[in-house]
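Reviewing the structure listed below.
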Amino acid sequence: MQFLIERERKKEESCKSCKHLSVLSVFAAIDEYKPQDATTNPSLILAAAKMPAYQHLVDQAIKYGIANGGTEEEQVANTMDKLFVSFGLEILKKVPGRVSTEVDARLSFDKEEMVARALKLIALYEEAGISKDRVLIKLSSTWEGIQAGKELEEKHGVHCNMTLLFSFAQAVACAEAKVTLISPFVGRILDWHKENTDRKSFEPHEDPGVISVTKIYNYYKKFGYSTVVMGASFRNTGEVKALAGCDLLTISPGLLAELSQDHSAITAMLTVEKSKACDLEKIHLDEKAFRWEHNEDRMAVEKLSDGIRKFAADAIKLEAMIKEKMLSVKNGQ
């Protein structure tokens, strides 16, 4: 999404890519920065679900879950899906573009279940009058997740946003699967290098997350892949500026506030012309090659696993909260 607000149109030519806002709990940020799209994840949903302002969405989701019957596990699952979609619907009232809604991270290694859950989410959006074209289904960038994305795109016309992406192997596999969009995590790559090397600070052009996304962008553009590159998980505005020109960037409200006060000229660092001239060779990755190449990147292996575990942990916390509230409703409290 555009991190530039309307009064800063002079910067739009060099930063037209920055049009994705990672925000849920503070809808005021959407009103202020007017992004094109917005994204959610289990951690954001959990935080928002605890806020009094959104209890009506939680209550509505619980009623839906109970009304659809089944076992307690099925009721909770239906409530979770409804809650994720309900927040998505609130966001779509405020953005003209698309919202990303994430499939449960605990399904990250089960292709068929990811496809089924994604189609269920899309059905809930369509029941609410929202076309699937306004929704991006977020899937973990495991081999299974990438293949789920391929099937959703090819067979069902469902657009996918591949998240928790840290390695070049993941990016190549996503491009070959022809998914709509990838979200390589800039800041989390930087975090890993600070924690696991002697280097504790990096200039933007040396930032390992920036270098990773730059390589992916150049590879996609050099070889004409249609998959959109959306840099995500930024730690500072230097990273954002270093990736100016990228297809999309998803930026937190805090960094958007900093950028709105920065009136310096911004130059497009990534361009299709530069990409065409870069020294990269086209490669193909089947499952065996993917698993090996990804495994060779220790940072990517650790950050992907860590990301899945953390999102899964927040999903479990959200489920526990829902079970407690559901029990109260059933008991007439």
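The values are calculated or read from the model by the stated rules, or taken from the named source; none is laboratory data. From a predicted model like this one, the values you see are computed outputs, not experimental measurements. A quick note on method: Cβ atoms are made from the backbone with ideal geometry, for glycine too, and the neighbour counts reach across all protein chains shown. With ligands, DNA and RNA removed, areas are computed over all heavy atoms of the protein, side chains included. Shrake-Rupley method; radii C 1.70, N 1.55, O 1.52, S 1.80 Å.
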The residue from I308, I322 that alone is closer than 30 Å to Q170 by Cα and part of a helix (DSSP H, G or I) is I308
In region 207-221, which residues are touching a residue at least 40 places away in the same chain (Cβ under 8 Å) and either surrounded by 21 or more Cβ atoms within 10 Å (Cβ to Cβ) or touching a strand residue (DSSP E or B) at 6+ places or on another chain (Cβ under 6 Å) (or both)?
S212, T214, I216, Y217, N218, Y219, Y220
What's the total number of residues in region 317-328 that are open to solvent by 70 Å² or more (accessible area, probe 1.4 Å) and touching a residue at least 60 places away in the same chain (Cβ under 8 Å)?
2
In region 8-29, is there at least one residue being modelled with pLDDT of 70 or more, open to solvent by 30 Å² or more (accessible area, probe 1.4 Å), over 19 Å from M230 (Cα atoms) and not β-branched (V, I, T)?
no
If the Cβ limit is 6 Å and pairs must be 6+ apart or interchain, which residue in region 180-192 that is in contact (Cβ under 8 Å) with a residue 24 or more places away in the chain and more than 20 Å from T40 (Cα to Cα) pairs with which residue that is of a type in the set (D, E, K, R) and open to solvent by less than 30 Å² (accessible area, probe 1.4 Å)?
L190/D207; W192/K303
Within region 88-108, count every residue that is in contact (Cβ under 8 Å) with a residue 12 or more places away in the chain and not in a helix (DSSP H, G or I).
12
Residues in region 294-305 that are part of a helix (DSSP H, G or I), in contact with a Ser or Thr (Cβ under 7 Å, 6 or more places away or on another chain) and of a type outside the set (A, V, I, L, M, F, W, C): how many?
1
Can you tell me which of V58, V76, V85 is β-branched (V, I, T), open to solvent by less than 20 Å² (accessible area, probe 1.4 Å) and either over 22 Å from G129 (Cβ atoms) or not in a helix (DSSP H, G or I) (or both)?
V76
